[in-house]
Amino acid sequence: MKDDMQSELVAIRSKLSEMHEDLKRFIERSNQQHLESILKGCRSDFSNAIIGYATNEIEQGLERNMEKNCHMREACRSLFSDLLKRNIEQIRDGKVSEESISKARSKLKGLRENARYDQCVRCFSETSRILDKQVDLMHSLNIYRDKGESNEIILALSEERIVDEMIEPLSNKQRIQIMKVLSSETKTFSALSSLTGLRGGNLLFHLQKLLDCGMILQRNERGDYMITEKGYKALRGLAETYMGLNPKKPSAEINESPKVANA
């Protein structure tokens, strides 16, 4: 009788422990989703504020600095305003391509070549000034870089550091598995072991590699593991590069392990 009660107590404790882990994961996931929702709202509000300010500057700049005594003033102002507003709206996407900026400049150049009056110089100069200011703003927000800047960044790369801190840590499929799992939510050591199939010292070895290069972090000495901003950007960069080079590949081929795909 005593042994039966003891067994039941052990079973109850085990079940309570499982329920606690499930509840903990649910709370973490809910908190993460809530945080992502807040950040998305903040980014949207921030973009709206910047675009609103830039739009006012377009209207005020064109009104103040375009040629006053010209019968084409309102028609040209409408064209310039539309071009500039379309350009600044790209801020909402969070990324601006060099092609889109080149198109805006080419369109303005085409309009300039068809201008018939000497006083047009003033109006086109003001529009160019505003366009350049918009591009500077996109630079400062880190959502646009031209090819020249990209080449400078490439030339400034440290070969040793890029291998030690980026390439070597991500050159292992087990570590990619771990990163994929952690990209959606934090995980305990035991949860990572279950999801990746790695055990004990083997899992610890790979986790330590990712910890050392700052791809992941541990909340405390025995706490959950979570991906860092550096780790998420590196993983996202790999995914975007892979899909860019293999656009027709089915998404299932990207997932090395069904366990990770179903996590």
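No lab work stands behind these numbers, since they all come straight from the coordinates. All values reported here derive from a predicted model rather than from experimental measurement. Reconstructed Cβ throughout: ideal geometry from the backbone, glycine too, with neighbour counts over all protein chains shown.
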Can I get the semi-axes of the stretch 56-153's equivalent ellipsoid? Compute them from the C-alpha gyration tensor as square roots of 5 times the eigenvalues, in angstrom, largest first. 27, 14, 11
Sorted by Cβ density within 10 Å, fewest first, the residues ILE216, ILE167: ILE167, ILE216
With 21 Å as the cut-off, how large is the P(r) tail for the stretch 109-204, expressed as percent of Cα-Cα pairs? 65 percent
